[in-house]
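*Asks:* First the structure, which I've put down as structure tokens, then a few questions once you've had a look.
The values are calculated or read from the model by the stated rules, or taken from the named source; none is laboratory data. What you see is a predicted model, and the numbers here were worked out from it, not measured in a lab. All Cβ positions, even for glycine, are placed from backbone atoms using ideal geometry, and neighbour counts span all protein chains on display. The area values use the complete protein model at the heavy-atom level, side chains included, leaving out ligands, DNA and RNA. Shrake-Rupley method; radii C 1.70, N 1.55, O 1.52, S 1.80 Å.
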Amino acid sequence: MQKPKNEVKLQLDSRSVNEGYARVAVSAFAAVLDPTVEEINDIRTAVSEAVTNCIVHAYRNGMGKIYIRVRLFDGGKIEVQIRDRGCGIADVQKAREPLFTTLGGDRSGLGFSVMESFCDRVRVRSELGKGTTVTLIKTVKGRDASREP
Amino acid sequence: MQVHIETEDAAAVCYLDGELDHHNAPSVREKIDEYAVGSTPKHIILDFGGVTFMDSSGIGLVMGRYKLLSAANCTLSVRNLSPHAYKVMRLAGLDALVTLQKRGEKGGKQYAKAEK
Ligand SMILES: Nc1ncnc2c1ncn2[C@@H]1O[C@H](COP(=O)(O)OP(=O)(O)OP(=O)(O)O)[C@@H](O)[C@H]1O
Ligand SMILES: [Mg+2]
């Protein structure tokens, strides 16, 4: 098990106004990796998807807390864990399928697809009635791509 | 997030400004839909020149407007996309439904392409 170089934890109320705050906080913490504009946008977008899911799905019947832990590892690896204590997901595999959504309206069911395509790995653990943990992992090459891995 | 709407030839251009996420999308949607219903334009162009961030809420916004407007015989196109917003829309396959134009790409009348 690799040891993180640096770690930060945040706890947010599940208010939609905090979506922007979560993105800014995570990307500010990741800035030390010197990511390219594209890499930082990928991270911000994946975080936005996971945090929005906590607000619109996990806590759809009220307020709750969203727990975010960001860890940096050697070699430009960043891991962002987004956890809620909300309703949980009945079938994670199904939930991750493109276009699957339980909400409709203007939700496209592509949140997990966006996370998967913008990160190297996405781990989802969920238990009905207990909550969901989404872990996003990405190795940032950085603006100085010649840097040793 | 700010939206202002101007007419440009036969089209209505909606200039979006700010971060397009779940928090901001509803007000944008309301403004566009209200205009579409009230003014029944033939073409609507969403100008993303001022959009500094977009996630799947932007996909939902464009997809939703596409359905609504095509039912009302109004064509939709999206222009001035940042490389990031373009990437997100391509991922959703929106390029198969509406004309997507990146920032710096030529052609301001791309909506014509979607005309029957
Ligand atoms: N944290 C969560 N808690 C409970 N259910 C969740 C959570 N995250 C996702 N889900 C479930 O997984 C489904 C798929 O999520 P995904 O983000 O891919 O699509 P969406 O949120 O429905 O739409 P979009 O993200 O495109 O707006 C959701 O509709 C919801 O049922
Ligand atoms: Mg989602």
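*Asks:* Return the residue satisfying two criteria in turn: it lies in region B:1-39 and is assigned to a helix (DSSP H, G or I) and among the charged types (D, E, K, R), and of such residues it is nearest to ligand 1 (Cβ to nearest atom). Steps first, please.
*Replies:* Within region B:1-39, the subset assigned to a helix (DSSP H, G or I) is B:25-39.
Cutting the leftovers down to among the charged types (D, E, K, R) gives us B:29-31, B:33-34.
Working: B:Arg29: 13, B:Glu30: 17, B:Lys31: 20, B:Asp33: 18, B:Glu34: 22 Å.
So, considering only residues that are assigned to a helix (DSSP H, G or I) and among the charged types (D, E, K, R), the one nearest to ligand 1 (Cβ to nearest atom) is B:Arg29.
*Asks:* Still on this model: What pairs come out if I take residues in region B:14-34 that are more than 8 Å from chain A (Cβ to nearest Cβ) and pair them with residues that are open to solvent by 10 Å² or more (accessible area, probe 1.4 Å) and part of a loop (DSSP other than H, G, I, E, B) whose C-beta lies under 8 Å away, six or more apart or interchain?
*Replies:* Filtered contacts from region B:14-34: B:Leu16/B:Met1; B:Asp17/B:Met1; B:Gly18/B:Met1; B:Gly18/B:Asn24; B:Leu20/B:Met1; B:Asn24/B:Met1; B:Ser27/B:Met1; B:Val28/B:Met1.
*Asks:* Could you check A:Ser48 against (1) closer than 16 Å to A:Val134 by Cα; (2) open to solvent by 20 Å² or more (accessible area, probe 1.4 Å); (3) among the hydroxyl-bearing types (Ser, Thr, Tyr); (4) at the interface with another protein chain (Cβ under 9 Å from one of its Cβ atoms) and say which number it fails?
*Replies:* It fails just one condition, (2).
*Asks:* Would you mind stating whether A:Cys54 is in contact (Cβ under 8 Å) with a residue 12 or more places away in the chain, surrounded by 17 or more Cβ atoms within 10 Å (Cβ to Cβ), over 17 Å from B:Asp21 (Cβ atoms) and of a type outside the set (Asp, Glu)?
*Replies:* Answer is no for this residue.
*Asks:* Mind counting the residues in region B:37-63 that are within 12 Å of B:Val98 (Cα to Cα) and within 16 Å of ligand 2 (Cβ to nearest atom)?
*Replies:* Total meeting the criteria: 3.
*Asks:* Now for a separate question. Just for region A:74-97: of the residues that are in a loop (DSSP other than H, G, I, E, B) and within 12 Å of ligand 2 (Cβ to nearest atom), which one is surrounded by the fewest Cβ atoms within 10 Å (Cβ to Cβ)?
*Replies:* Per the stated criteria, the residue is A:Arg96.
*Asks:* Can you pull out the residues in region A:102-133 that are within 7 Å of ligand 1 (Cβ to nearest atom), open to solvent by 50 Å² or more (accessible area, probe 1.4 Å) and under 13 Å from B:Gly60 (Cβ atoms)?
*Replies:* A:Leu103, A:Arg107
*Asks:* Of the numbered conditions (1) closer than 24 Å to A:Gln11 by Cβ; (2) open to solvent by 10 Å² or more (accessible area, probe 1.4 Å); (3) within 14 Å of chain B (Cβ to nearest Cβ); (4) not in a loop (DSSP other than H, G, I, E, B), A:Phe29 fails exactly one; give the number of that condition.
*Replies:* Against the list (1) closer than 24 Å to A:Gln11 by Cβ; (2) open to solvent by 10 Å² or more (accessible area, probe 1.4 Å); (3) within 14 Å of chain B (Cβ to nearest Cβ); (4) not in a loop (DSSP other than H, G, I, E, B), A:Phe29 comes up short only on (3).
*Asks:* Do the conditions hold for A:Glu38, that is, is it among the acidic types (Asp, Glu) and within 14 Å of ligand 1 (Cβ to nearest atom)?
*Replies:* Details: among the acidic types (Asp, Glu): yes; within 14 Å of ligand 1 (Cβ to nearest atom): no.
Criteria not met by A:Glu38.
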